[in-house]
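Remarks on the structure that follows.
The values are calculated or read from the model by the stated rules, or taken from the named source; none is laboratory data. Only a predicted model underlies this, so the values are computations on that prediction, with no experimental measurement involved. Reconstructed Cβ throughout: ideal geometry from the backbone, glycine too, with neighbour counts over all protein chains shown.
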Amino acid sequence: MSNPSDNKPSAPAPGVRKGPGLLLTSVGALVVAGIVAAVNWGVSATNGRLDFTEFKTHSLTEGTRSIVERVDTEVTLRLFVSENEILPPQFVPAVEETMNWLARYKELKPDLIKVEKKVVTPTSDEEEQAVTSGIQGNRGMFFGMTITCLDKTAIINWVPELLSIAGSEDDRIEYYLSRSVSEVTRRDRKRIGLMTPLKLAGNQMPFGGNQSPPWAFYSDLKSQYEVKTIDMGVKAIQTTSQDAKEGVDVLVLVHPAGISEESLYAVDQYLLDGGRIVAFVDGYSYMASQSGGQQPGMPPGMSPGAVDTGSSLGKLLTTWGYSFDSTKIVADKGASTPMGRDFNTPILLTLGKEQITKTENVVKDITNLWFIFSGGFAGSPATGLNETRYVSTTAGHSLVGTEYATINPQTPEGQQKFEELERKFSPEKNPRLLAMRLDGNFKTSFPEGKPAPAPEKPEGGPPGGGFPGGFPGGGPQGAQGAEGAPAPAATPPAATPPAAPAAAANPAPAAGTPAPVSATTPPISIDPVPAPSTPAAPAVGTPTPAPGTPAPGDATPPLPLTPPPIQDPTANLLPPPAGVNPPSAAPGTASAGTAPTTTEQLKESKKPGTVYLVADSDMLCDLLTRNMGETGNVAMALNMVDEAAGDADLMKVRSRGAAIRPFSTLNKIKEQAETKIRSELQKLEDERTKLQEKISTAKTNKERNQALYTGLMQDQKSQIEIGQKKYQLVKKAKKEIDEQVNSIKWKNVLIPPIVVALAGIVVFITRRFNTAAH
Amino acid sequence: MRNVWIIFKRELKSYFLSPMAYVLIALFAIFTIGIPFGLASFIERNNASLYWFFFFHPWVYMIFGPAIGMRLWSEEHRMGTTELLLTMPISPWQAIWGKFLAATTVIASMLLCTIGMVFTISYLGEPDTGVVWSGYIGSLLVGAASVAITCAVSAVTRNQIVCVLISAFICFLLVVFGIPQVNDFLRGLGGEWLSNLANGLSLSFHQNEMSRGLMRVESLVYLLSIIGFCLYLTSVIIRSKRS
């Protein structure tokens, strides 16, 4: 299909100067170079882009577009950044990237979104402005942002950590920007209903004792939302669509132990009306076990005013398709927490990246979680519901009785019990859910209608194995205890709370100030509470004491993770904390956001609802977890509330998948290699235990029986041999993993050149043959 | 078009009927695959992304682009076949395009040999296919740009070694502008505009963006501009030599 003119030599006829000829001179080349440069310059100003990522990470989401679309007042996005000379070189492109993001917001609403860049130099007006706005520099550098609308200002303290630098396609800046725009343009503060028998707001000790500080979760909630306490015996809870003034946007339940049928009904109806719930139930709440103090002759937790240690959402959970045994706790060998040099306790769960679903916004920034005597969910979502998994156990877990929660593993007896548990341990095949989200159209758990009000219980009735504290609203005699309301169906009431520690024999010194929880939360804050920048999380499974300045008045000592010298075998793992709220007392509890009754029962969701479920409530108490260093516990909980309180648009921005794509096969290879040696290791460990027992017995008799002593020496030798064998096994497993990894590397590096070389040889031989034939 | 095809076939044959193409492709595979595994801890990063694989491509093209393109015109000049070629019923543009496309096909063959990396990360994890495609497109464009630069340089000189050295130096400059430290230095020298200019000119900057799955229109226009302008320059040089 060639043009006949193409076949002619292109040399111009002598003496004839054609148009293209001018173009093909050096002057022409300069002109063309100028045109090319101008075109490139023009195109670079357009900021056009094609986004090849699966989740369109580099493009604004529909959610952001909707949020910006709603903006009706001027919003200023102001970037405060140090001059380039001060910034590390790798951050310099990030400045341009940030401005590009801001420009994209401005493009959506150029008349109302203003973008400003303030270059901060030392002792300049810009620096003063940045500091006054609440932006904290990082080692003398500024790279933060304020998002202002009228009198509201949101702050993003440190932008680089939200940008993909060095390979990750995981830009998170959009989420934080959209969230900030949404926050500052929102007319009213969202209202959170908090329903708990525990005293999250801190506890004033009697007789002028020290006041325990509020839980960081509670403090952070209060700084962002209007928090209304909801009575545990509430009979109706309104959504904001039902009652704009008193309704709640999100209902947060923390260890709803002993929640009455009527209150469950209220929760059920709230959900069906489109309400959003964040619930922290528990297999064994340590904080609850310490409530009400100790009464002579009564097991801990059974004294008047005590809160039951187990909590569930009863029949609500069953209707949603799940079961939760509030008399069992999860023991997970794959997530056990080191308590000493050679001892890990499987009921304190150190959960790392492997157990956290990194594609979900609620947990994607979280690297480690610490769950204390957690329960676990089992089941699958009922029809119409969608399940989103956040945190699971490892496959090597099992449910065990709550009695283990009362054993001090730092005593020889305690260790013995845990060793016994290890021997008997039969892991379940599938991981158990520890945290998840359910959304969709829920159905009522009370198809028969509103439950009848529980009859009043006589004052001071026997606890009867139920919920001794009870809650306002009354309850039947016997099983529910004094003032108790009926127990939810799926919350086994018969569980006598296990013997909790009589008192901490080795109480840890007064704890430090609450860990800077907001440091683990997203680096954003709404004025007037600027959040500090996010520090790096410590390595999973490496508990380090959190730095903290001991504060007077902090009455809750942290968990003694570093084993103290064994002085008293009755000493318990967990010293008694303050900060628990005896349910019967509940002073100052208001029935905010509640109405006496609802007239019409909802049988299914009017609007899609959302429920966040977490199988542990102690994880929220930073007073307990602070000794684990930086955990993502509170951050995860706040993210859940944030997400639940956010509008659907913001949730769309959040729910965009992350770009972290781990080498799952490689992880499986590692797991397989470890599984292979696990049984052998266990065998050796059993042998070693037997020998140890033998040796300890023999030692007492050695003076009387020299022969036995000789045997003992032999045993000790065998023990060393077993240790060596174990070491060899671990070494072998590591070698196996390394071999597989190296095989992948070498196959990749060597196969392509070998194939190319072979192809070259084949071509060469074929040519030789052809030439010879000719 | 037929003439372009004829020249393309002739050039491609000359590449693949000599050991050169095979040696270059094999070396390219060893470098581009070996470097991420060896230097960039590819496995240890535990991320099914080819970012660190593509990260080094502009550096590798700095050598391999000139090595492939050096013979495009230098060889013709040395053998004295340029005039012969241009007296044939084809235009210089057709000859330039044919040669350039053949050299770019060798680059594409090199990239094809690294396809094992895609299978590897697909076996190890779940890569984002779009990002992988974007990275390969970016790499091909950067490779083609380095060939186009060499094509222009080879039109000037008959010495292939000189051609390789000059082309590699130009490519080196275009790669090194994208390094943050160099960019920072340039900022210190000439201010923000010089820094931005250097970034915009840098092959590595554009390649890195595409390896993240972000294909800016300015990157596409820039790389195509380099290719187009260098081929145009080749044409100017050849015509000036003829006259």
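If you take the residues of the stretch A:182-204 that are of a type in the set (S, T, N, Q) and not in a strand (DSSP E or B), which of them is modelled with the highest pLDDT? Walk me through it before giving the result.
Taking the stretch A:182-204 and keeping what is of a type in the set (S, T, N, Q), we get A:182, A:185, A:196, A:203-204.
Imposing the further condition that a residue be not in a strand (DSSP E or B) reduces the set to A:182, A:185, A:196.
Values: A:Ser182: 84, A:Thr185: 86, A:Thr196: 93.
Taking the candidates together, the pick is A:Thr196.
Out of the stretch B:91-104, which residues are within 8 Å of chain A (Cβ to nearest Cβ) and in a helix (DSSP H, G or I)?
Start the filter on the stretch B:91-104 by keeping residues that are within 8 Å of chain A (Cβ to nearest Cβ), which leaves B:91-94.
Matches in the stretch B:91-104: B:Pro92, B:Trp93, B:Gln94.
Answer with yes or no whether B:Thr114 is within 18 Å of the chain's Cα centre (by Cα) and farther than 12 Å from B:Ser49 by Cα.
Spelling it out, B:Thr114 is indeed within 18 Å of the chain's Cα centre (by Cα) and farther than 12 Å from B:Ser49 by Cα.
Starting from the stretch B:13-31, take each residue that is over 15 Å from A:Pro753 (Cβ atoms) and list its partners that are of a type in the set (Gly, Ala, Ser), counting only C-beta distances under 8 angstrom and pairs at least six apart or across chains.
Final answer for the pair search is B:Tyr15/B:Ala21; B:Tyr15/B:Ala102; B:Tyr15/B:Ala103.
For the stretch B:4-16: of the residues being among the hydrophobic types (A, V, I, L, M, F, W, C) and buried (at least 19 other Cβ atoms within 10 Å of the Cβ), which is nearest to the other protein chains (Cβ to nearest Cβ)? If you could, list the steps in order and put the result at the bottom.
Here is the first cut: in the stretch B:4-16, the residues among the hydrophobic types (A, V, I, L, M, F, W, C) are B:4-8, B:12, B:16.
The next check asks that each one be buried (at least 19 other Cβ atoms within 10 Å of the Cβ); those that pass are B:4, B:7-8, B:12, B:16.
Values: B:Val4: 9, B:Ile7: 12, B:Phe8: 14, B:Leu12: 12, B:Phe16: 7 Å.
Across the stretch B:4-16, the extreme among qualifying residues is B:Phe16.
Rundown of residues vs (1) more than 30 Å from A:Glu54 (Cβ to Cβ); (2) of a type in the set (A, V, I, L, M, F, W, C), yes/no style:
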{"residue": "B:Lys13", "(1), (2)": "yes, no"}
{"residue": "B:Phe31", "(1), (2)": "no, yes"}
{"residue": "B:Pro36", "(1), (2)": "no, no"}
{"residue": "B:Pro66", "(1), (2)": "yes, no"}
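List every residue pair whose Cβ atoms lie under 8 Å apart, where the two residues are 6 or more positions apart in sequence or sit on different chains, the first residue falls within the stretch A:56-73 and is at positive phi, and the second residue, located anywhere, is crowded, with 24+ Cβ neighbours inside 10 Å and assigned to a helix (DSSP H, G or I).
Qualifying pairs under 8 Å: none.
When you check A:Asp231 against the structure, is it farther than 24 Å from A:Ile347 by Cβ, assigned to a helix (DSSP H, G or I) and in the same structural domain as A:Met436 (by TED's automatic domain parsing), yes or no?
Judged against the criteria, A:Asp231 is not a match.
Select from the stretch B:65-90 the residues that are part of a loop (DSSP other than H, G, I, E, B) and out of contact with any Ser or Thr (no Cβ under 9 Å at 6 or more places or on another chain) and list them in ascending order.
Hits for the stretch B:65-90 are B:Gly80, B:Thr81, B:Met88, B:Pro89.
Among B:Ser235, B:Ser139, B:Ser204, which is the only one that is of a type in the set (Ser, Thr, Tyr) and more than 16 Å from the chain's Cα centre (by Cα)?
Values: B:Ser139 fails: more than 16 Å from the chain's Cα centre (by Cα); B:Ser204 fails: more than 16 Å from the chain's Cα centre (by Cα).
B:Ser235 is the lone residue from the list that is of a type in the set (Ser, Thr, Tyr) and more than 16 Å from the chain's Cα centre (by Cα).
Table: residues versus (1) over 21 Å from the mean Cα position of the chain (by Cα); (2) surrounded by fewer than 20 Cβ atoms within 10 Å (Cβ to Cβ); (3) at pLDDT below 90.
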position: A:Ser291; (1), (2), (3): yes, no, yes
position: A:Pro296; (1), (2), (3): yes, yes, yes
position: A:Asp342; (1), (2), (3): yes, yes, yes
position: A:Leu348; (1), (2), (3): no, no, yes
position: A:Glu360; (1), (2), (3): no, no, yes
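Of all residues being facing another protein chain (nearest Cβ under 7 Å) and surrounded by fewer than 20 Cβ atoms within 10 Å (Cβ to Cβ) in the stretch B:198-222, which is nearest to B:Ala148 (Cα to Cα)? Just the residue, please.
Residue satisfying both the conditions and the ranking: B:Val221.
Could you count how many residues in the stretch B:17-40 are more than 7 Å from chain A (Cβ to nearest Cβ) and either under 14 Å from B:Leu112 (Cβ atoms) or in a helix (DSSP H, G or I) (or both)? First the steps, then the outcome.
Filtering the stretch B:17-40 for residues more than 7 Å from chain A (Cβ to nearest Cβ) gives B:18, B:20-21, B:23-24, B:27-28, B:31-32, B:35-36, B:38-40.
Retained after the next criterion (residues that are either under 14 Å from B:Leu112 (Cβ atoms) or in a helix (DSSP H, G or I) (or both)): B:20-21, B:23-24, B:27-28, B:31-32, B:35-36, B:38.
Of the residues in the stretch B:17-40, 11 are more than 7 Å from chain A (Cβ to nearest Cβ) and either under 14 Å from B:Leu112 (Cβ atoms) or in a helix (DSSP H, G or I) (or both).
Would you check which residues across the stretch B:49-90 are within 14 Å of chain A (Cβ to nearest Cβ) and of a type in the set (Asp, Glu) and list them?
Hit for the stretch B:49-90 is B:Glu83, nothing else.
Suppose the filter is in a helix (DSSP H, G or I) and either surrounded by fewer than 19 Cβ atoms within 10 Å (Cβ to Cβ) or within 11 Å of chain A (Cβ to nearest Cβ) (or both); does B:Gly188 pass it?
yes
Could you please give the count of residues in the stretch B:98-146 that are in contact with a Cys (Cβ under 9 Å, 6 or more places away or on another chain) and not polar (S, T, N, Q)?
So the answer is 4.
Any residue that is among the aliphatic types (A, V, I, L, M), in the same structural domain as A:Glu687 (by TED's automatic domain parsing) and without any contact (Cβ under 8 Å) to a residue 24 or more places away in the chain - is there at least one of those in the stretch A:763-770?
Checking the stretch A:763-770: at least one residue is among the aliphatic types (A, V, I, L, M), in the same structural domain as A:Glu687 (by TED's automatic domain parsing) and without any contact (Cβ under 8 Å) to a residue 24 or more places away in the chain.
So A:Glu174 fits all but one of (1) more than 30 Å from B:Phe53 (Cα to Cα); (2) at pLDDT below 90; what number is the exception?
Of the numbered conditions (1) more than 30 Å from B:Phe53 (Cα to Cα); (2) at pLDDT below 90, the odd one out for A:Glu174 is (1).
Please specify each residue of the stretch A:124-158 satisfying the condition of being of a type in the set (A, V, I, L, M) and closer than 21 Å to A:Tyr105 by Cβ.
A:Ala130, A:Ile135, A:Met145, A:Ile147, A:Leu150, A:Ala154, A:Ile155, A:Ile156
Any idea which of A:Lys732, A:Lys683, A:Lys717 is at pLDDT 75 or above, loosely packed, with under 15 Cβ neighbours inside 10 Å and more than 27 Å from A:Ser426 (Cα to Cα)? Break it down stepwise before answering.
On the way: A:Lys732 fails: more than 27 Å from A:Ser426 (Cα to Cα); A:Lys683 fails: more than 27 Å from A:Ser426 (Cα to Cα).
Of A:Lys732, A:Lys683, A:Lys717, the one residue that is at pLDDT 75 or above, loosely packed, with under 15 Cβ neighbours inside 10 Å and more than 27 Å from A:Ser426 (Cα to Cα) is A:Lys717.
If we scan the stretch B:223-232, do we find a residue that is under 26 Å from A:Gln90 (Cβ atoms) and within 11 Å of another protein chain (Cβ to nearest Cβ)?
So in the stretch B:223-232, the residues under 26 Å from A:Gln90 (Cβ atoms) come out as B:223, B:226.
Retained after the next criterion (residues that are within 11 Å of another protein chain (Cβ to nearest Cβ)): B:223, B:226.
For the stretch B:223-232, residues under 26 Å from A:Gln90 (Cβ atoms) and within 11 Å of another protein chain (Cβ to nearest Cβ): present.
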